[in-house]
């Protein structure tokens with residue numbers, strides 16, 4: 001008689017629970033960091049820019065996020081420290097809806113960023129873009145606490161669907177929440193969600209696959225004339241780039257939005273705004289991180305082509321109310 005052995009069921013794969021914690025301090029005009037990480041996050045080798053700012057790349061070693069994955073990043077800057085934190089590559093978020101019998105409705109991949117900046121600290125959070133695959137669910141939450149005289153610059157670029165492969169977001173959804181507080185008072189709150197009808201609505205993405213946001217919380221209030229000039233210059237920087245772009249003033253800083261067909265155009269516009277923000281603070285001109293695929297040379301060539309008339313500038317753009 002043949003006996004069948006009862007084999008144990010294979011374990012259900014567990015989701016990633018990645019963490020990174022980073023502490024920056026200033027010493028003799030150089031910013032140094034201490035920190036650590038847990039898989040799949042990894043802190044790479046930091047470098048110093050010419051002005052002493054610490055440039056730190058963050059690597060996600062798993063090659064992408066699936067439903068249920070959670071990433072948590074905590075950043076603390078001591079007084080007077082300056083840092084630029086970026087990512088090594090675009091973040092991929094894979095489809096989740098309808099991919100599992102256990103969770104047919106899909107599971108959310110989540111990323112949480114907590115930032116605390118002490119007086120005079122300056123942080124630039126400039127990760128590379130997120131690519132959300134069809135039927136993916138991605139929720140990101142950022143909370144920034146600023147002391148007096150601290151400055152935050154954050155940008156994000158999101159591509160909804162792999163459009164080069166003829167793919168859109170499908171039944172997926174992207175959600176984002178940004179909260180900025182200064183000395184315990186709300187300075188800026190921004191919550192966005194894109195799914196379903198909002199992807200094609202003129203009040204949403206209008207059928208475009210790329211959305212981007214840049215927010216700058218200035219260290220001190222700017223004179224109205226200075227802020228108006230900065231916003232105007234940032235609007236001029238749209239020339240030669242595909243898509244719709246709007247920029248407006250905050251009570252202490254500015255916000256910029258992009259929607260269009262090109263993540264490269266969004267990144268280049270935000271890079272130009274970054275340079276304008278550095279200039280108004282009296283800081284050194286930015287140098288794109290070495291891990292970025294698009295460096296200054298193609299950006300400079302694009303701007304020269306625009307000035308020479310080889311690339312036609314965008315037509316008139318009416319910014320949405322408040323921008």
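The values are calculated or read from the model by the stated rules, or taken from the named source; none is laboratory data. Computed from a predicted model, the values in this text were never measured in an experiment. Here the Cβ is made from the backbone with ideal geometry for all residues, glycine too, and neighbour counts use every protein chain on show.
Summary table below
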{"quantity": "Members of segment 192-216 found to be over 16 Å from residue 151 (Cα atoms) and within 14 Å of the chain's Cα centre (by Cα), listed by number", "calculated": "192, 210, 211, 212, 213"}
{"quantity": "Scope segment 183-209; condition in contact (Cβ under 8 Å) with a residue 60 or more places away in the chain and surrounded by 15 or more Cβ atoms within 10 Å (Cβ to Cβ); matching residues", "calculated": "187, 188"}
{"quantity": "When residues of segment 132-170 are limited to those that are farther than 16 Å from residue 264 by Cα and touching a helix residue (DSSP H, G or I) at 6+ places or on another chain (Cβ under 8 Å), the one surrounded by the fewest Cβ atoms within 10 Å (Cβ to Cβ)", "calculated": "168"}
{"quantity": "Strands (runs of 3 or more DSSP E) contained in segment 67-123 and holding at least 1 residues over 19 Å from residue 143 (Cβ atoms) and more than 16 Å from the chain's Cα centre (by Cα)", "calculated": "82-87"}
{"quantity": "Matching residues, segment 217-242, being part of a loop (DSSP other than H, G, I, E, B) and over 18 Å from the mean Cα position of the chain (by Cα)", "calculated": "219, 220, 221, 222, 223, 237, 238, 239, 240, 241, 242"}
{"quantity": "Residue check, residue 43 crowded, with 21+ Cβ neighbours inside 10 Å and either on the phi > 0 side of the Ramachandran plot or modelled with pLDDT of 95 or more (or both)", "calculated": "no"}
